[in-house]
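What follows is one structure encoded as structure tokens, with my remarks underneath.
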Amino acid sequence: MFKRLAEAERQAAVASVRITVDGQAVACRAGDSVAAALFASGRDACRDTVVNDVPRGPYCMMGVCYDCLVTIDGRPNRQACMTQVAEGMSVERQHGAREVQ
């Protein structure tokens, strides 16, 4: 559904960062948001709604809609679009409601 623009791919080499998404290693670009890394790896949903477990994915990509909530390094309710990837980061799909920590 989403892919990187060819021009962006031709730009100077960008450092690679490795994260884990739902237990699988994913290589992404330094500077990417977690949401961009999810899209680039072929994932389009990052959480399930509280009602009916409907899959939701990043929508606005600017921190307004909260559809991109994920669990990052064990901390729930993190906005994937507003969080930059970091080496060794662990990202998990968020299922249903989580308590605020």
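The values are calculated or read from the model by the stated rules, or taken from the named source; none is laboratory data. These figures come from a predicted structure and were not determined experimentally. Glycine also receives a Cβ, built like all others from the backbone with ideal geometry; neighbour counts cover every protein chain displayed.
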- Item | Subset of region 31-88 (residues that are out of contact with any strand residue (DSSP E or B) (no Cβ under 9 Å at 6 or more places or on another chain) and crowded, with 16+ Cβ neighbours inside 10 Å) | Phe39
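Which members of region 53-100 meet the condition of being at pLDDT below 85 and of a type outside the set (Asp, Glu)? Working first, answer last.
At the first step, the residues of region 53-100 found to be at pLDDT below 85 are 53, 95-100.
Matches in region 53-100: His95, Gly96, Ala97, Arg98, Val100.
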- Kindly indicate whether Ala36 is modelled with pLDDT of 95 or more and not in a strand (DSSP E or B). no
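Within region 72-79, does at least one residue satisfy the condition of being among the acidic types (Asp, Glu) and in contact (Cβ under 8 Å) with a residue 40 or more places away in the chain? Please lay out each step first, then the result.
We begin by selecting, within region 72-79, every residue among the acidic types (Asp, Glu); these are 73.
Right, trim to in contact (Cβ under 8 Å) with a residue 40 or more places away in the chain and you get none.
Checked against the condition, which is being among the acidic types (Asp, Glu) and in contact (Cβ under 8 Å) with a residue 40 or more places away in the chain, region 72-79 yields no hits at all.
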